1. Taking the Cα atoms only, what angle lies between the long axis of helix 24-44 and the longest principal axis of the chain, rounded to 10 degrees?
2. Restricting to DSSP H runs of at least four residues, report the calculated mean residue ellipticity at 222 nm for the chain, -39500 (n - 2.57) per run over all residues, nearest 500 deg cm²/dmol.
3. So what's the projected area for the stretch 3-59, the Cα convex hull averaged over all directions, in nm²?
4. Non-local amide H neighbours of Ile60 (under 5 Å, H modeled in plane, Pro and chain starts lacking H): which ones?
5. What relative contact order, as a whole-number percentage, does the chain give when Cα pairs under 8 Å and 6 or more residues apart are counted?
6. Which stretch or stretches of the stretch 4-29 have amide N atoms under 18 Å from the point lying 7 Å from Leu51's Cα along the Cα→Cβ direction?
Amino acid sequence: MSAPVIWVMLPIIIGAFLLLLRNERSVAVIGGALASLLALIALIIPIDQALLLGPISFKISAGIQFFGVV
């Protein structure tokens, strides 16, 4: 997964979904939880380094590739 997708596209998609909700309190809670989660991910997970969690290994890349071009 790439960093721009996590910190740009994911909030846009979740924000569009939150526009459909009527309850202001639930929108505030979900939006605040998402912002906190993204901040925590930014603090903990290194960019462009493989992170090993038990048998699972994943890497967050710094760029996006479209059709094999960075």
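1. Approximately 20 degrees, to the nearest ten.
2. Helices in the chain give a 222 nm mean residue ellipticity of -14000 deg cm²/dmol.
3. Details: hull surface 18.3 nm².
Mean orientational projected area (the stretch 3-59, Cα hull): 4.6 nm².
4. Long-range HN contacts for Ile60: Asp48, Gln49.
5. Values: 47 pairs, mean separation 28.8, N = 70.
Taking the mean separation of contacting Cα pairs over the length of the chain, I get 41 percent.
6. What the label zone holds, given the 18 Å backbone N cut-off, is 4-11.
Each reported figure results from applying straightforward, stated rules to the coordinates on display, with no laboratory input. This is a predicted model, so every value here is computed, not measured. Using ideal geometry, Cβ is built from the backbone for each residue, glycine included, and neighbour counts are taken over all protein chains shown.
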